[in-house]
Every structure is written in C-alpha cells, then in structure tokens.
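Structure first, then comments.
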Amino acid sequence: MKQYLALCQRIVDEGVWVENERTGKRCLTVINADLNYDVANNQFPLITTRKSFWKAAIAEMLGYIRGYDNAADFRALGTKTWDMNANDNAAWQANPHRKGEDDMGRVYGVQGRSWQKPDGSTIDQLRKIIDNLSKGIDDRGEILTFYNPGEFDMGCLRPCMHTHTFSLLGDTLHLTSYQRSCDVPLGLNFNQIQVFALLAIVAQITGHKPGQAYHKIVNAHIYEDQLELMRDVQLKREPFPSPQLKINPDIKSLEDLETWVTMDDFEVVGYQHHDPIKYPFSV
Ligand SMILES: Nc1nc(=O)c2c([nH]1)NC[C@@H]1CN(c3ccc(C(=O)N[C@@H](CCC(=O)O)C(=O)O)cc3)CN21
Ligand SMILES: O=c1ccn([C@H]2C[C@H](O)[C@@H](COP(=O)(O)O)O2)c(=O)[nH]1
C-alpha cells in the first residue's frame, strides 16, 4: 500500500502534463514505476485509503484466463469494467470488426488463449505455460502476452497490462508483469490485485509455492479530472495494514478456472479501509 501511495505522491510532485488525444484529456504523467508484491507471505496489495471493489478486479482476470471477448461475459462474472470500452466508444463502434453490442474484439484473453497464426491455426499460450509449470519446467519463455500489434485494429483497446512472465526457482513460482499505460487512481487499484491473484492462482494449480510478483509500469498517469480527489482526499488518508487473499483450495486446474470457479471462491480477510472515492473514468 505504501508503494502505491508513494507512486501517487510522485506523480503529484514530479508529474509532467501530457495531452492524450484518444481521451481528449490531459494526464499528469511519470515514466517508470516498479511495484513488488509479497505473494509468499500473502500481503494482498489492496488499496486501503479508499474502498476497493476487489472482486471485480479478480473477475476481470478470470475473464482473461477464460479468453472472453465480450463485456456481457465479464458482467456475468461480476464486473462491468468493459462496458464502456465495448459500447460507449465511438471509434470502436464505427470499426467494421466489431461484432455488435458488448463485443470487445481480439483483446487480452483472446490473444492469450487463441493467438492466430498465418495458417489459420491458433496458439494457446496459457495452456502451454500451465502444462510446463505443472511438470516443473521453466523454459525461460513462460510468457503470456496479449500484445499483438497485427490485430490492434480488431479490438476495442490495446492491452495495458500486456505481458506476464512466469519463473520457477526450485519449488517457488515468481511472476513479472509488464504494463505500458496505467490509470493510477482507477486501473492500478485493479491491476495490483490482478498481478497478485494471477501468481497465487497459477502457483496453486501448478503445485508450487507462490513467491514474489514484480509489476513493471512504463507510463503511470492521473487524468486531470482525477487529480483533486487524489491529491486532496486520498493522499491525505493514513493506510491500514494489508489484508490477506484466500482462494478456494479445491481449485486445482485450468479446467476448474474455465468451468465452475466464481467470485465466491475468493475471500479477503482483515480488510480495513476508508470510505469509497468515485474517480471519473475516461473512455
Ligand atoms: N481510462 C481507463 N482506465 C482504466 O483503468 C481502464 C480503462 N480505461 N479501460 C479498460 C480497463 C477497464 N478498467 C476499469 C474500468 C472501470 C473501473 C472502475 O470504475 N472502478 C471503480 C468501481 C468498480 C466497481 O464498482 O466494481 C472503482 O472505484 O475502482 C476500474 C477499472 C481498467 N481499464
Ligand atoms: O488494465 C488496465 C487497462 C487500462 N488501463 C488504463 C490506462 C489508460 O489510462 C487507459 C488506456 O488508454 P491507452 O490510450 O490505450 O493507453 O486505460 C489501466 O490502467 N489498466
């Protein structure tokens, strides 16, 4: 939590104003942030200086694992986070690749589970990683990447947290996640949870101890309409200790994640937090 607040403070103190053409808003921006999460000791990096709707963040990650391409499927899992980018987005609505209401196109999990090859066949990146790690293999290329420049025009948004690299050291699994663009008040609140949960879940289903998660962010920003709430409200609050994430131990395979797992299989213990803050969202 302290590292999150330190990043927010750094943006407020040292950030540079950058015009963003896609959203039409200015962002106070810094480059390069490294956040680390201690998954081994279950120090769940949940924001405590406002109420975090953590189940929606895990639902989003589960949707990526399942390869979802539709905001309605995300809603059924428990998150509305893709509604705006899928439906309230003029550029995507005018895109001939859009298949209709709620379609997100070839983003995130679609690339992770069915990356298209020139011959028309597909690659399931996640399946290969789970199979290797389950056998104790780390080929130094256990990489799940959603970043496919050849298909950017077929999706509603380029992936922000775009690559996850798993590393096995003895019986301990580590994760390094890369993010090109980060909406620190809204997106990072979710992305921290997702990096932590992804390592915890993959360690569990491949039979390893979870180790450390390393979250590497390039462009970290606060939108102009979020700045006051961050600077004058959230940053004035004292954080509480980190809670713990409990995952149903019956989740044992990728098939379990794909079929029966719901948000009821996740629980947070010891979450003390300040009041919610509603930050503006930019489409
Ligand atoms: N501008 C922008 N920021 C993002 O963080 C973001 C995007 N766009 N587009 C794609 C996804 C969608 N994400 C989102 C979308 C909405 C919330 C959000 O509204 N969060 C609220 C409440 C969530 C709830 O009630 O479940 C929050 O207070 O955290 C968070 C992340 C993250 N990503
Ligand atoms: O997981 C996510 C997804 C998106 N974001 C934020 C980062 C940016 O503010 C926007 C995406 O805009 P681009 O113009 O494509 O960079 O969404 C996030 O923080 N986390």
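Comparing Gly120, Gly105, Gly207 in a Gaussian network model of the chain where C-alpha atoms under 10 Å apart are linked, the largest mean-square fluctuation is found at Gly120.
If you place +1 on the Cβ of every Lys and Arg, -1 on the Cβ of every Asp and Glu, and leave all else neutral, what size is the dipole of segment 142-209 about its Cα centre, to the nearest 20 Debye?
Numbers: 3 positive and 5 negative charges, 27 e Å.
The dipole of segment 142-209 has a size of about 120 debye.
Treating cross-link reach as a plain straight distance, find the aspartates and glutamates whose alpha-carbon is under 20 Å from the alpha-carbon of Lys216, omitting any fewer than eight places away in the same chain. Correct list for Lys216: Glu14, Asp34, Asp38, Glu60, Glu142, Asp183. Computed from the Kirkwood radius of its Cα pairs, the Stokes-Einstein diffusion coefficient for segment 78-217 at 10 °C and 1.306 mPa s stands at 98 µm²/s. Run the accessible area of segment 121-255 with a 1.4 Å probe and give the carbon-and-sulfur part as a rounded percent. The C+S portion of the solvent-accessible surface of segment 121-255 is 54 percent. Note on the chain: GNM, Cα springs under 10 Å; of Gly67, Gly15, Gly24, the largest mean-square fluctuation is that of Gly24. Taken one residue at a time, the phi angles of segment 132-147 give Karplus couplings (6.51, -1.76, 1.60, θ = phi - 60°) of 4, 4, 5, 8, x, 9, 10, 7, 6, x, 7, 10, 10, 10, 9, 8 Hz. Gly and Pro are set to x. Computed over the Cα atoms of segment 208-283, pair by distinct pair, the Kirkwood hydrodynamic radius stands at 16.6 angstrom. Averaged per residue, what accessible surface does the chain expose to a 1.4 Å probe, in Å²? With all protein chains present, the chain gives 45 Å² per residue. Assign one of three labels to segment 1-115, namely rounded, prolate or oblate, based on the Cα gyration tensor with a ≥ b ≥ c the square roots of its eigenvalues; rounded applies when a/c is under 1.5, prolate when it is not and a/b is larger than b/c, and oblate otherwise. Here segment 1-115 falls in the oblate category.
Based on alpha carbons, the Rg and Dmax found for the chain are 18.4, 56 Å.
The values are calculated or read from the model by the stated rules, or taken from the named source; none is laboratory data. Since we're looking at a predicted model, the values are computed, not measured. Every residue, glycine among them, receives a Cβ derived from its backbone with ideal geometry; neighbour counts consider all protein chains shown. Each accessible area value is taken on the protein alone, full model and side chains, heavy atoms only, with ligands, DNA and RNA left out. Shrake-Rupley method; radii C 1.70, N 1.55, O 1.52, S 1.80 Å.
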